[in-house]
Amino acid sequence: MKRFNIKPVTIKNGDFIKLETVKDLASYLFEKWPGPENNRAYLTAVMVCSAVLENGLSERRDDARAAFVAAAHEARLVVLPDDGDPQL
């Protein structure tokens, strides 16, 4: 299974965690997600990341990243570089 590189996402949830591939995003969603798992944005991110990985949709990797960022914001996580200053 390909990993599909993305523009890196760094999540601030206590420590900083850098995610660099769609596989990293999916792993974080399934294994380390700190927020509710029944929210619409979370479920969308799971579906989009899974579809990209399972179907080899490299052209949709940016959609997976965007869905993950939306879910992270819904869970009130700081997302860098999208949210600006890492000193938050």
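None of the figures in this text is laboratory data; all of them are computed from the coordinates on show. For clarity, every value in this text was computed on a predicted model and none was experimentally measured. Cβ coordinates were reconstructed from backbone atoms using ideal geometry, including for glycine residues, and neighbour counts include every protein chain displayed.
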Got a sec? How would 68, 4 order by Cβ neighbour count within 10 Å, fewest to most? 4, 68
Relative contact order for the chain: what percent, with Cα pairs under 8 Å and sequence separation of 6 or more? 35 percent
Per-bin percent of Cα-Cα distances, the stretch 28-77 [5 Å]: 5, 25, 32, 22, 11, 4
With the convex hull built on the alpha-carbon atoms of the chain, volume per residue in Å³ sits at 80 Å³
